[in-house]
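The values are calculated or read from the model by the stated rules, or taken from the named source; none is laboratory data. In this text the structure is predicted, and so the values were computed from the model without any measurement. Cβ coordinates were reconstructed from backbone atoms using ideal geometry, including for glycine residues, and neighbour counts include every protein chain displayed. What goes into the accessible areas is simple: the full protein's heavy atoms, side chains included, and nothing from ligands, DNA or RNA. Shrake-Rupley method; radii C 1.70, N 1.55, O 1.52, S 1.80 Å.
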Amino acid sequence: MNQCIEGLALSPGIGMGPVFRLRHLMFEVSGRKLEPEEAALELGRLEAACREVAAVLHGMEDSAAREALLAMLESPLFHGSITDRIQSGRTAADAVVQTVNDLAVIFGELPDPVLRARAGQAEEVGRHLFRQLHGLPIPLFRSGSPVVIVTDEMSAFDATRLQPGLVAGIVCERGGVTSHLAIIIKQIGIPAVSGIHGALGRFEDGELCICDGEKGVVLAAPDENALQAVRDRLAGISADRAGLAALAARRTATRDGKPIGLWGNIAGPADIQAILDAGGTGVGMFRTEFVFVGDEAPSEERQAYIYEDILSRVPGPVVMRTLEAGGDKTIPYLAGEAEENPNLGWQGLRMCLDIPDLFLTQLRAMIRASRAGELWIMFPFVSALWELRECRRLVAEADAAVRRDGVRPGDYKVGIMVEVPSAAVMAKEYLRDFDFCSIGTNDLTQFTLAADRMNPKVARWYDPFHPAVLRLIALTAHAAERAGKPIGMAGDMASNPLAIPVLIGLGFSSLSATAPRIPEVKKTILTVDSEEARHLARSVLALEDADQVKACLRGEAVKGARDAASSGADAPPAQSR
Ligand code: PEP
Ligand code: MG
């Protein structure tokens, strides 16, 4: 009873429910060849797996999706190709992967959207079959009480498909606090804990467990007292939320009246309403890579439709970050060769500059949509001036192409994201030809401190309150202030109540958070005095380690700190006014 397992708090909230174990499985070919006498056995395994998958699909509530997937499962093209491959010596699992890949190409190229959708259906059915052939449960959540998913690993893209009403919590082995998995789960509002070593082996399917994303612990086999304690805390959390919700209609400004843009981070149109309901008035970062999930890059028309939809529904600015794929955001059809250090490799802006057609299509779609609202285009992961010149040239080219098509774009801004230390150091020069900047502290922290944001093992080294990170932020803020250009923050630090006074003191004009965090960010902003915040920023910039910084921000006496006035000479200045 009451077995408490400590991990890392990945996403706030507390959830309880029966465990559903989900093993992450790479959907790829093993290359194993069958002995001739194995083929019959493998065909039998395939048929058994097909029956299981059909049974699960029959239970789906959405009848149109159910019929489409069953038709695919039984179609000669899908089923026949798999059996042919088994007969020519492939394992059933390999035959499934190869068939899905083939059909993705065949259907994915077709102009008719109904036929093109078959590529996705083949993939969905193929993945179910693949899991079944590996003896793993099929992740279709049909009904019943919400489950706590226990998994070794989950991709951020998979997480976007989770329905919060059906998932009470997520317990996983891998995933750092600012990993993309964490970002998406926080956005959806599902409590999560990571860093649970050997997670799949520590729980049984169906056993009751509590996932405490506030404290970063998982409680297996809770007794009645523990359950009651959780119910009480859940009641407290909803009372707090109700109190915060009352702030939604208030204007966001510091105590002394300085307005601060309170914006939200989104992965797509579905996230907008939650941002607006929480009191957000703009989008501080639209992670457009989520538009690119699937079998092929979306067309210019499709992208323009999505961008226009978002722009027309948001009353304030919408900062659209151009495609950031690669690193820990793998999009299969854009994946290059395996890299030793993907986070330092061919990703983000680098990939876009190397595939100009893809990049120009996105830029044209954004510019085409710009009439619908207040568009701010933002380039991520910048690390060199030549890239920025190239970006400017491509924006001009895309703009001209849109005008040639007879479309008159609206006014839009073009800015940069500072998330690589070189961009912070060079912010003065990089901002010269751009209209705004936004700091991505999730990456800036990992690159400054050489601590992988994905890896819970190095969580101790990954700390945005490290003075080196703070000084780079201050350097950028100072450059933005001198250039008279707005600076915002869309990294996780922007929603940390401890950091908010410092950011305001450094001159940030907007903060962007996931919808569930917006009310608390607002509550904090309303309590800050901007003059006091300037002094506070100056004091923390003089400190020497993250613990001192956090103690100072909590208002505690700082042990071992030198006098701010005498020791701050090397630190960049806080905003002068
Ligand atoms: C960041 O790096 O802080 C950021 C906001 O971008 P992402 O988390 O998508 O890398
Ligand atoms: Mg980033």
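Brief remarks on what is shown
- Helix 92-108 vs. the chain, principal-axis angle (Cα, 0 to 90°, nearest 10): 70
- Note on exposure: Phe434, Phe157 ranked by accessible area (1.4 Å probe, complete protein assembly) read Phe157, Phe434, with the most exposed listed first.
- The Glu109 and Glu28 beta-carbon pair, evaluated with R₀ = 22 Å, returns a calculated FRET efficiency of approximately 0.50.
- Here the calculated FRET efficiency for Arg408 and Lys457, from their Cβ-Cβ distance with R0 = 51 Å, stands at 0.45, rounded to the nearest 0.05.
- Linear extension gain, Arg371 paired with Ala55, 0.36 nm per residue minus alpha-carbon span: 108.9 nm
- Length-normalised contact order for the chain - Cα pairs under 8 Å, 6+ apart - percent: 14
- Listed residues Ala117, Ala515, Tyr462: farthest to the positive end of the dipole of the chain (Cβ charges): Ala515
- Value of [θ]222 nm, deg cm²/dmol, for the chain, DSSP H segments ≥ 4, -39500 (n - 2.57) each, nearest 500: -13000 deg cm²/dmol
- Cα pair distances exceeding 15 angstrom across the range 36-133, given as percent: 58
- Lysine pairs with alpha-carbon atoms under 16 Å apart, the chain, spacing 8 or more or separate chains: 6
- Dipole magnitude of the range 36-133, debye to nearest 20 (Cβ charges: Lys/Arg +1, Asp/Glu -1, about Cα centre): 80
- Accessible surface of Leu77 - all protein chains present, 1.4 Å probe, nearest 10 Å²: 90
- Taking the longest Cα principal axis of the chain as reference, the axis of helix 39-58 is set at about 60 degrees.
- Extended-chain gain in nm, criterion 0.36 nm per residue less alpha-carbon gap, Arg392 and Glu6: 134.1 nm
- Computed P(r) (all Cα pairs; the chain; 20 Å bins; percent): 19, 51, 27, 3, 0
- Å² of accessible area per residue within the chain, as computed with a 1.4 Å probe and no ligands counted: 43
- Exposure rank, largest accessible area first [Glu61, Glu124, Glu387, Glu532; 1.4 Å]: Glu61, Glu532, Glu124, Glu387
- Charge context of Ala245, other residues only, Cβ under 14 angstrom, K/R +1, D/E -1: +2
- Cα-Cα separations in the range 113-239 greater than 25 Å, expressed as whole percent: 31
- Asp240-Glu532 FRET efficiency (beta carbon distance; Förster radius 30 Å; 0.05 resolution): 0.75
- Rounded to the nearest 20, the size of the Cβ-charge dipole of the chain about its Cα centre is 1920 debye, with Lys and Arg at +1 and Asp and Glu at -1.
- Calculated diffusion of the range 249-567, Stokes-Einstein form, Kirkwood radius summed over Cα pairs, 4 °C and 1.567 mPa s, µm²/s: 65
- Using a probe radius of 1.4 angstrom, the carbon and sulfur fraction of the accessible surface of the range 36-133 is 56%.
- In the assembled protein chains, Glu531 presents an accessible area of approximately 70 Å² (probe radius 1.4 Å).
- Among Ser179, Leu133, Phe203 - extreme Cα towards positive end, dipole of the range 108-208, charges at beta-carbon: Ser179
- Gyration tensor verdict on the range 160-310 (Cα atoms; rounded if a/c is under 1.5, prolate if a/b is larger than b/c, oblate otherwise): oblate
- With both residues required to sit in the chain, DSSP beta bridges show an antiparallel share near 30%.
- If only the Cβ of Lys and Arg carry +1 and only the Cβ of Asp and Glu carry -1, the dipole of the range 372-416 around its Cα centre is close to 120 debye.
- Taking label positions 7 Å along the Cα-Cβ direction at both Ala229 and Asp545, the computed distance is 3.1 nm, reported to one decimal.
- A cut-off under 11 angstrom between Cβ atoms defines the neighbours of Val177, and their net charge, with Lys, Arg +1 and Asp, Glu -1, is 0.
- Peptides 229-242, 197-210 ranked from most to least packed give 197-210, 229-242, packing being the mean of other C-beta atoms within 10 angstrom over each peptide's residues.
- The range 249-567: antiparallel DSSP beta bridges as a percent of all, rounded to 5: 5
- Between Ala551, Met426, Pro259, the Cα set farthest toward the positive side of the dipole of the range 249-567 (charges on each charged residue's Cβ, about the Cα centre) is that of Pro259.
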